[in-house]
Each structure stands twice: as structure tokens, then as C-alpha cells.
1. Report the residue count in the range 14-31 for those that are in contact with an Asp or Glu (Cβ under 9 Å, 6 or more places away or on another chain), outside any strand (DSSP E or B) and either surrounded by 17 or more Cβ atoms within 10 Å (Cβ to Cβ) or at negative phi (or both).
2. Exactly one of these conditions fails for GLY116: (1) more than 18 Å from GLY150 (Cα to Cα); (2) modelled with pLDDT of 95 or more; (3) touching a Gly at 6+ places or on another chain (Cβ under 6 Å). Give me its number.
3. Could you please tell me which pairs satisfy a Cβ distance under 6 Å, a separation of 6+ or placement on different chains, a first residue in the range 35-64 that is under 16 Å from HIS135 (Cβ atoms), and a second residue that is open to solvent by 50 Å² or more (accessible area, probe 1.4 Å) and acidic (Asp, Glu)?
4. Restricting to the range 32-51, count the residues that are buried (at least 17 other Cβ atoms within 10 Å of the Cβ) and out of contact with any Leu (no Cβ under 6 Å at 6 or more places or on another chain).
5. Restricting the search to the range 32-45, which residues are part of a strand (DSSP E or B) and out of contact with any Pro (no Cβ under 6 Å at 6 or more places or on another chain)?
Amino acid sequence: MSSEQSTSVSTHILDTSLGRPAAGVGVRLSVRQGDEGAAWAAHGASHTDADGRCKDFPALPEGTTHARLLFETEPYFGEQHSLNQHSLNQNSPNPRSQREAAAQQDAPRVRDSAPGSFFPEVTITFAVNPGEHYHVPLLLNPFGYSVYRGS
């Protein structure tokens, strides 16, 4: 039995366009051993919980040098678009005037009418050291993202 601690990965997603966690986003974890030319191997898959977190990935195999998280953002933003359209149609006394007001903003009209996002997926690759925990938060909106190593 090895005395070395396991290497682990977790993540969470904050939808910065809504100011809340992004629930239900598919996340896939892959690993590779060796140099940058080595092949990737699928290692786990999950979905973010109601708090936008994935905490259930298996420990990384011994010898892993790099890990990759693939966030499936397009289905999430498609669902958000559907919810927003439904809310606009149900809650507004005059949805047309709201759409017209939105069209007058500086951002392109396509932004508010097209489902999905500019980035259908986000892939983050990072180097790992044995025995460490890697928490990789994703700050996400339909037209941009930011990522950092958390604690």
C-alpha cells in the first residue's frame, strides 16, 4: 500500500450572467500520463449539483501528469435561454416592448435571440502533482469565461 496521498479534482461553476451557480452542467474529466504528446484517457463524468459543484470525480491514477475538464456549456445555456423566453412571455404585460428595448442596447440583437452560447464547451487543461487536490472553479457567461485554481 502506498503512503502517498491521492490526487483529486473538484470544480464548480458560477453563471456570472445570473449571479448564481450553474446547475446541471455536464463535466467530463480526462487524464494523461507522461509528456504533452501522451494520449488522453477518460476518467470520470458528472453534472454540477444545485450549488454548481462536482465533487464526485474519482481520485486520479498514479502517474497522472495532466488533467482536463470539459464543461458542456451549450445545453446549459440553451436551457437558460428557454427559461428566460418563457419568463418573458409569462411575466411581462408587453413582451414586445421589452424585446424592442433590448434591441436598442449596444450589444448585437443576436445576443438576446439566439439560444446557446458562443462557447458550446469549455476545456481546461492543467498540470498536476501527486497528492494534491485541484479545485478548478469556472466563472461563466454566454460570451466569456474565466478559470482559476481554487482551494
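The values are calculated or read from the model by the stated rules, or taken from the named source; none is laboratory data. All of these numbers come straight from a predicted model, not from anything done at the bench. Methodologically, a virtual Cβ is constructed for each residue, glycine included, from the backbone with ideal geometry; neighbour enumeration extends over all protein chains shown. To get the accessible areas, we keep the full protein, side chains included, count just its heavy atoms, and leave off ligands, DNA and RNA. Shrake-Rupley method; radii C 1.70, N 1.55, O 1.52, S 1.80 Å.
1. Residues in the range 14-31 being in contact with an Asp or Glu (Cβ under 9 Å, 6 or more places away or on another chain), outside any strand (DSSP E or B) and either surrounded by 17 or more Cβ atoms within 10 Å (Cβ to Cβ) or at negative phi (or both): 3 in total.
2. (2)
3. SER46/ASP56
4. So the count comes out to 3.
5. Answer for the range 32-45, where residues must be part of a strand (DSSP E or B) and out of contact with any Pro (no Cβ under 6 Å at 6 or more places or on another chain): ARG32, GLN33, ALA41, ALA42, HIS43, ALA45.
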